[in-house]
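This report refers to the structure that appears directly beneath it.
The values are calculated or read from the model by the stated rules, or taken from the named source; none is laboratory data. The model shown is predicted, which means the values in this text are computed figures rather than measured ones. No Cβ is skipped: glycine too gets one built from the backbone with ideal geometry, and neighbour counts run over all protein chains shown.
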Amino acid sequence: MSVSTYEDYMKRLLILAAVIALAGSALAQTAHKVVRVEDVTWVDDPLFKGAKTAILVGDPTKAEVIVLRVKFPPHYRVPPHTHPYAEIVTVLTGSYGNSFGEKFEPKGELMKPGSLFVLPAKHPHYTWTGDEETIVQVQFMGPRGIEFIDPADDPRKK
């Protein structure tokens, strides 16, 4: 093995060890928490008017594992935006559309309950709901953040 190959191997090994250590500590934070559906508390979403949010795991203002649910009304639209983190979104009820790009052009099939999608960090996307109330579960490593492609779409500025 050449020196540069060995150095690359060691760098990858160290990165892998760091990822495993972080994942282990993140899992340890939440390993024994149980959230029963009857204990879920919904509050008005601080960003999306008309939507409700329930924080299941973590503090969205901190750098830790976050699991939250968002309840959207029928025909809800979230304009193109990005997040500073990767996220995993699972459709729990209703129907939910997700597409990529910097312009809102809902296309494609609405996902049904049980469907899941993964978004990389800083990837422009937008979402919408179908004819019924929709609940999604979102998992990510905090803190929570969002940046709208068009600043005029940001409800914090209205």
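Within segment 64-73, restricting attention to residues that are modelled with pLDDT of 95 or more and not β-branched (Val, Ile, Thr), which residue is surrounded by the fewest Cβ atoms within 10 Å (Cβ to Cβ)? Per the stated criteria, the residue is Pro73. Val3 fulfils the conditions (1) modelled with pLDDT under 95; (2) under 16 Å from the mean Cα position of the chain (by Cα) except for a single criterion, (2). Please work out which residue is nearest to Val118 (Cα to Cα), limiting yourself to segment 47-87 and to residues that are of a type in the set (S, T, N, Q) and not in a loop (DSSP other than H, G, I, E, B). The extreme case among them is Thr82.
A quick yes/no check of all residues on (1) touching a His at 6+ places or on another chain (Cβ under 7 Å); (2) touching a residue at least 12 places away in the same chain (Cβ under 8 Å); (3) not in a strand (DSSP E or B):
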position	(1), (2), (3)
Leu92	no, yes, no
Phe104	no, yes, yes
Lys107	no, no, yes
Thr127	no, yes, no
Ala152	no, no, yes
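Let's see how each residue does on (1) modelled with pLDDT of 95 or more; (2) surrounded by fewer than 16 Cβ atoms within 10 Å (Cβ to Cβ); (3) farther than 24 Å from Val37 by Cβ:
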position: His75; (1), (2), (3): yes, yes, yes
position: Pro80; (1), (2), (3): yes, no, yes
position: Pro84; (1), (2), (3): yes, yes, yes
position: Ser95; (1), (2), (3): yes, no, no
position: Pro120; (1), (2), (3): no, yes, yes
position: Thr127; (1), (2), (3): yes, no, no
position: Asp131; (1), (2), (3): yes, yes, no
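Within segment 86-97, is even one residue among the hydroxyl-bearing types (Ser, Thr, Tyr) and within 12 Å of the chain's Cα centre (by Cα)? Scanning segment 86-97 turns up at least one residue that is among the hydroxyl-bearing types (Ser, Thr, Tyr) and within 12 Å of the chain's Cα centre (by Cα).
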